Structures are given as structure tokens and as C-alpha cells.
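These notes concern the structure reproduced below.
Throughout, read-outs are computed from the coordinates displayed, never taken from laboratory work. Quick caveat, the model's predicted, so the values are computed rather than measured. Virtual Cβ from ideal backbone geometry, glycine too; neighbours counted across all protein chains shown.
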Amino acid sequence: MQGPPMAVFAAVSRLVPTGGVAVAKSLFRQRRLAAPQVGADLVLVGDKGAYRLKAAAILDWDRPSRGWPNVLVHPDVAKTIGEEWKPFDPPSAEVLEKSFASDAGRHFDMSSALLVWAALLAAACILANTMMLSAESRRRDVAIARLLGMTRGGVVLRMAAEALALSVCGAAAGIAAGLAAARLYVACDPALFPEGFAASRGAVAAAAAAAPLIAAFATLAALRSALSARPGDAVKNAAPRKRIAGMAVSFGAGFAAFAAVETWGSSLMAPFVPSHEWPDAIVSILPCGVSAFDVGKLKNIEGVSRIAELQPLQANILPLEELPSGGRMQQASPRRGNRAAYRNLLVLASDWLPDFKFVDGSRDNALAAVEFGDSCIVAEMTARAHGWKRGDFITLGCGGRGPSVGEIRLKIAGIVDLNWHMVTSRGLLRGMNGMPVHTDGPVFTSFDTLAAIDTRPQHYVPMTHLWLSFDKDFLDSKGVFEAGREVEKAIAAALGADGEANTVRLHSRDEVSDGTLAHGADLIGSMARMPFVFIAIASLGFVAMLASCAEARRREFAVARAVGATRAGMAAMLAGDAFKTAFVGIAAGLPAGALSGWLFTFATRKTMAEWGLPAVFSIPWRTVAIGAAAAFAVVFAIAVPSSLWIVRSRARR
């Protein structure tokens, strides 16, 4: 994913060979890059400039860990770097433990309840379908038993005993197969499971305890068919009735589990996909920046239709409210010291406001208010989190992190619908003036208003960011990646940024958007594979259903055979029942799964740190369509050979 330069946590250590630095593999692994060779040049960009150093050693640390350095610098080398080095105080084991949970692991934990629900539902539906088919196929046997004196209670006990035996045997086989599959799955994904396979006794006990409950559910589902048998049916010798509803429910439950996970993940990721109304790219010029007058040098950059300065500043919201520590918003770090981090806004000043969608207020009135007074335009999710509306006032502290040296009141002139999380993060807009990387959102204002909030002398404040729009023909001909690289090089050349004092990085909105979706797809994909296994397992029930359908249609098949129907034709008729059942199951499972995933999204969002995230209902139709096609392929692979085998075996009779 295109994004900011790799951030390092460097510490001084005498364990490094003299005259160089030691770099951990994890620094490059998280970007899927190959680690450099010993002796290679590394460029580190600090607060006071860029430094070219030699890689003296490569540390074999594959997993990044927050709060632990990934670059070690020899003391002699540290003296040549004009930075303020702080002693490294290793965090405690309790603090360090949280950093070993990867994104995939955290998302996996959040979805575990949904997966458990899906597994139990699939198991209950499969057993219920099996019991209903069993009751219908043995209808004459039950009628004979009733004729010989068996009571309704005896029929119920007989069904319950059969269901309990099947559930216990199935649970034993399922636990054994599940543990074996889990061991194989863990072995195939060591990045997600670095410690290897570990079995949970509690999970095994819970699965065993669920067997009687599932048996009771299956018994209740099959009672109607079993109790409908009358003693007089013993002499009718009628064909059993065709039962496909149970299989449709079972198959639908499996597909619903798949659709639920996909809807859950897609709805959860949607608020993080940047809005298309953002400009095409943000350019960062760090760490020192350049003079604001240098914007004039960029007027004739090829491929750029518009470019403007974008000045960021984070300011605390008054009254102060400290961010929770130890969570995702603020991890303990020796680099932060004891400076408190409070809720803050990312104030962005520019002489150009893109075509954002106004949900409260009009564009012309909002721009006039921002230009001629201390007013601002706020993102909708920020306003939602704080309960703000147009006309309200926001009080911001003047100065950096910690208690403010003054305050300013900004009137909200308009509210815009904008997803901004990934753009501000990848564009390196946060944490610029000693503030935390977490922010409650951007507010757009004028340069004069920003200057009133910033306590630094204005002639010392450099230009660190630009935002721009590509020329459409240039973008179409080059593509997002190539266009960005060419414009990035042109800006660096025009500003004279040769890498010694600054790094110029162009952060394309569309690359960030695509990368966000790809990252979410990777996380969701590892979870969606398990519900899809439920579909394959449920599909095995088609064998029993087809056998039952063949028995129910035996007279129809006999007539068709007598008038010249081939075995292939009758098998096609039988397989058609499976395809119709699968279609009904998918048609019913999609809305049920989408609703379940959507409802589960609300529970997951409560565990997330960000305020004001919009509730977006999103179904990834392309992925769901591929899943439906794969489900039909599984049914085809099971139904066609099963139908041929059933027709052939019955023809011999």
C-alpha cells in the first residue's frame, strides 16, 4: 500500500558493531520488502535533518512490537547525529504483551463470536435436516410401531435418542477433525499464528456441551414429520413425501454465515475508505519543510491541474479530556515521556476547499464565514461524536500538547460528509507539532485563524504539506502509481529537495483507498474461509436429500423409464432438485446473513476507539457473487455424481 515512509524507533546500544546501525527485519516485513544487506546505505530522517548510515547488522526480528526499538545505533554514531537522544526504558511485560496482537489477530478475536454463532447454526440446521429426512424415510416403520402399540411419547423418545446419538458421534468426529484442521490452518499461516497451534480445553468442552442442545433442536424440528405417521399408513406402502425445506435451510445457513462475515467486514471497513471528494493527492515535505513562497515554483508541474499549500496544526479541545492510555489510541512509549495527550482537532488551513458534500450549511456561506472570521468547517463524523451542529462554537487551546497558553473560539460554519482517517494518517498530517497521532478529525479554516492558534513565530513555521489534483488526461494515460511518482519527482526537483534535508512524498488518495480495501480484504478473507467450509459441509446433506427425493419420485421415474427416458435424463431431473434447493438457500441466506453481519457490526464498533464512525451498511456484491458461484460449484460437484449413482443403483432394482 502506498503510504508514508517507514517510521523507526531508534535507540542507542553498544551491542551494535562500531560505526553503524542494526536494523530489525520487522521494519521491512510489515511493508513486504526485502531486508537490506549488511553494508547497505540507509537514510534516516530525524527532526533536524536526514542522515545516511551504514547497516552494520540485520536483527532477525520478524514481528514488530510497539514500544520496542527496531533500529539500534552505536553510541559513536549517535554522537554524529544532531538529535536529542533519550535513554531507552524498556516497557514492562504487561505493556509489551499487547503489542504482539497483530491486526489480523485483533480482527479475528472481534469476529470470533460471529463465527461461533455461524458454526452452531450450521450444525443445528444440518442435524435438523438429517432428522427430518430420517423421519420421512422411516414413516412406514413408525406407522407399524404405532400399530403395534407405541405411543406418541415413545416416538418422541425414539427420535430424541437418535438425534442425541448422531449429535454425540458428530461432535466427537467434528472436534477431532476441527483440531486437525486448525493445526493445518495454523501451520499454513505462521504470520497470524507465530506461536503455533494451541488447543483450548474450554472450546472443546463447550463444543461437547452444545451437542445435547443441538440434538434437542433437531428433535423438535423433526417431530412434526414423525408424529404425522398414523397406524393406518402401515398398509398404504406410499412413497415418502419430498422434503427439501430442511436442506434449503441448512444450505442457506451456511451461506448466511459466509455473507454475515463479508457484510460485517465490509461495513466495518467502509468508514475508513477515503471519500472521493478529497483531492487526488497530498504531498509531504518533511522533516524541515520549505518556505511558503516556494509554492510559486510549482505552478507549471506537468500533470497537475491545481496545487495549493495545506498547513496542518493539531490543537486541544477545551475543556481538556485526556485520551485513554493503554488502548489503541495511545500506547505507552518511552519517546512520549509524561506529556499528557488530550482530545484534539486537526486544523487544516488552505486557500482552496475541494468540492466536499455539505450536509449542514451551504458552501458559499461557509467559505465566506471562514475567510472573514474565526469560523471553521467540520467533518460530519467529528460533529456526530461531539454532538455539534452548524452555529455551535468550538473552543481550542493555543499551543502544543499539555495545558494551553490561550484559547480561541471557532464558529461552525458548515458540516461536510467526509471519510478522512486513512488520508490524514498516510499523508503524515498528524502529530506535527508535538501532538499525538490520534485526532478527533479535521476542521478546515483560514491561514489567519490557524496563525491565531499557533503560538510559534510565523516566520519560523515552514510549508510542510501540499494538496493537488491531477490533470485527467495525464492521470488516465499514466495510471495512479506512475502519475504520482512522476509528479513527486518533479516537485522535489522544483523545490531543490535533494534528500539531504527533506523527503518529498506524494500520497495518492486512490492508492490509499485501494490499499485500505486490500488490507481489509486480507483480514476478512482469512475469517470468511471458515464460514465457507460450513457451506461445503452442509452440501454433503444433498446426498441424503437426493436419495429421499428419488424415493419420493420412484413412480414418476418408473413411468419416465418406461417411455424411454435415459439414466442421464433422470439424473438431471434429480440434480435439478439440488440446484433449486441451493438457489432457494442462497436467496434466503443472503438477506439473513447480511442482516446478521450488519447487526454484529454495531457490537464490534463499541470496542473501537474512534469516535463518530458512521454506520455504513455495505455488502461486497462482487465477493458475495463469487461465493455464491463457488457454492453452486460445490453443489454441482456433489449433486451430479450422487444423482448418477442413485439412478444407476435404483435402475438395477
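Near the amide H of LEU59, within less than 5 Å, lie the amide hydrogens of VAL23, ALA24, LYS25, all on another chain or at least 5 residues away, with H placed in the peptide plane. The GLU302 and LEU599 beta-carbon pair, evaluated with R₀ = 60 Å, returns a calculated FRET efficiency of approximately 0.75.
Note that the range 417-433 has calculated 3J(HN,Hα) couplings of 7, 8, 8, 10, 3, 6, 5, 5, 6, 5, x, 6, 8, 9, x, 7, 10 Hz, one per residue in order, obtained from phi through the Karplus relation 6.51 cos²θ - 1.76 cosθ + 1.60 (θ = phi - 60°); glycine and proline are x. Where both bridge residues fall in the range 307-463, DSSP classifies roughly 70% of the beta bridges as antiparallel. For the range 352-459, the convex hull drawn through the C-alpha positions has a volume of 115 cubic angstrom per residue. For LYS79, the lysines whose Cα falls under 18 Å of its own Cα, not counting residues fewer than eight places away in the same chain, are LYS48, LYS54. Counting every other Cβ atom within 10 Å of each residue's Cβ, THR439, THR151, THR503, THR130 order from fewest to most as THR151, THR503, THR130, THR439.
For VAL156 and LYS357, the difference between the fully extended length at 0.36 nm per residue and the C-alpha to C-alpha distance is 66.1 nm. Excluding same-chain neighbours fewer than eight residues apart, the lysines reachable from LYS472 by a Cα-Cα span under 23 Å are LYS297, LYS299, LYS357, LYS489. A straight Cα-to-Cα reach below 19 Å connects LYS580 with the lysines LYS242, residues fewer than 8 places away in its own chain not being considered. From most to least packed by mean Cβ count within 10 Å, the peptides 10-18, 245-253, 507-515 give 245-253, 507-515, 10-18. Between the range 396-447 and the range 613-653, the alpha-carbon centres lie 51 Å apart.
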